1. Among the residues of segment 170-187, count how many are open to solvent by 10 Å² or more (accessible area, probe 1.4 Å), part of a loop (DSSP other than H, G, I, E, B) and in contact (Cβ under 8 Å) with a residue 60 or more places away in the chain.
2. Based on what the data block shows, is A356 of a type outside the set (D, E), at pLDDT below 95 and either buried (at least 18 other Cβ atoms within 10 Å of the Cβ) or closer than 24 Å to E226 by Cα (or both)?
3. If you scan segment 195-219, which residues turn out to be in a strand (DSSP E or B) and either surrounded by 18 or more Cβ atoms within 10 Å (Cβ to Cβ) or in contact with a Pro (Cβ under 6 Å, 6 or more places away or on another chain) (or both)?
4. Can you tell me which residue among R380, R319, R372, R315 is at pLDDT 95 or above, of a type in the set (K, R) and open to solvent by 40 Å² or more (accessible area, probe 1.4 Å)?
5. Is at least one residue of segment 317-333 touching a Lys or Arg at 6+ places or on another chain (Cβ under 7 Å) and either outside any strand (DSSP E or B) or touching a residue at least 60 places away in the same chain (Cβ under 8 Å) (or both)?
6. Being free of Cβ contacts under 8 Å to residues at least 24 places away in the same chain and part of a loop (DSSP other than H, G, I, E, B) is true for just one of V51, V26, V40, V68. Which residue is that?
7. Would it be correct to say that R328 is within 13 Å of W255 (Cα to Cα), open to solvent by less than 60 Å² (accessible area, probe 1.4 Å) and not aliphatic (A, V, I, L, M)?
8. Which members of segment 248-295 meet the condition of being among the hydroxyl-bearing types (S, T, Y) and either in a strand (DSSP E or B) or open to solvent by 30 Å² or more (accessible area, probe 1.4 Å) (or both)?
Amino acid sequence: MGQITKRSYKLSDGRDIIYFDDADTVLPPHRGEDLRAPSVRPPTATMRQDVLTGEWISIAAARQNRVVLPPSHLDPLAPASPENPSEIPSLYDVAVFENKSPSFGPDLAGAAAPEGLDDLERVGLGRSRQSVGRCEVVCFSPEHTGSLAGLPLSRMRTVVEAWADRTAALSALPGVEQVFPFENRGEAIGVTLHHPHGQIYAYPYITPRTAQLVRTIENYGGSLFEDILSFEQKSERVLLQGEHWTAFVPFAARWPLEVHILPHRHVPDLAATTDEERDEFSLLYRQLLRGVDALYDTPTPYISAWHQAPVHAHRDDIRLMLQLTSPRREEDKLKYLAGSEAAMGAFIADIPPETAAARLRDAMEKASPPPRAPGLEPIRTELPATEQEATQP
């Protein structure tokens, strides 16, 4: 087995594109140039403060122009061809590029940029700031259709490596306070492209969900995640458990399908995980996703969200966690956020978490036998720091 390799290039309008080649790739080292005429990038959006909550809302009008469910021959995430001058110039294993119509960025600084977390925490009428930061698209495969669950293990490992690499790179950008890799899957979630992909947002603030977690830790104590892991590992809600990770349906699950995955040691984000932890996660996560899709005769829509510690705060308190949720409560039924959930944030769960866990364990068993982490062949990962290094054969 070889190495996962990173190759960095530029698109015609100056946006970054990074190729991550599988450890067992069959692709040549060189990537073609973006032959499209240079275009002007949209201006960085503006965010406004909701004075009732103190939260910041990005007003990103350029997103109205994004492509919605195009046919396969016009897929913007497929490798470019003469008939389809897409976002990605070359055939690839995994590709990451800056979003053409981002919610945050491309500016990282400016006269109207936030002046740090203290500035953003102040509350007042009519407050606005630039939505500095960055948004990236992560393409899991060059194929127009498919899913993470259907990827070979080598490709899943490359995706995990890309998440970790981009977490480190985006965390180092000025003005970035939190990095969020995620996947929206399925039209019921609102996806606008069939192509298997995810995204990464680099926010200029600490997100509301994480801010609430900080308040909980301040109330409970610094052992919160260690205690959660111990509590859940003793429950009937455990789905998968390896040497480094445990997947479980949480005690107070909000959604009909909700799974949390916690590392066994404290790590603030993906960049801090080891090769061995990434190896095991790749195997465990693929097994989980195959079970999710085996629940019904059609693929299950979901949101998969990496909750990471902020870049500059609470890194010793907040542990990396993946949370996968789906509104699907039956084959032909979805949970919609009605008045109590949408207006008041007061969830009413339809399915007991223990029942959901039992269903998902059965589905994983039906999809394939449970994985055995010790049998996973480790993949050494050495990512070249520059394009010049990356393009060496």
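The values are calculated or read from the model by the stated rules, or taken from the named source; none is laboratory data. Because the structure is a prediction, the values reported are computed rather than measured. Cβ sites come from the backbone with ideal geometry, for glycine too, and all protein chains shown count toward neighbours. Just the protein is used for accessible areas: all its heavy atoms, side chains included, with ligands, DNA and RNA removed. Shrake-Rupley method; radii C 1.70, N 1.55, O 1.52, S 1.80 Å.
1. 6
2. no
3. Let us first name the residues in segment 195-219 that are in a strand (DSSP E or B), namely 197-203.
The answer is H197, G198, I200, Y201, A202, Y203.
4. Exactly one residue qualifies, and that residue is R315.
5. Yes: one or more hits.
6. Just a single option satisfies the conditions, and that option is V26.
7. In short, yes.
8. Listed by number, the list holds a single entry, T274.
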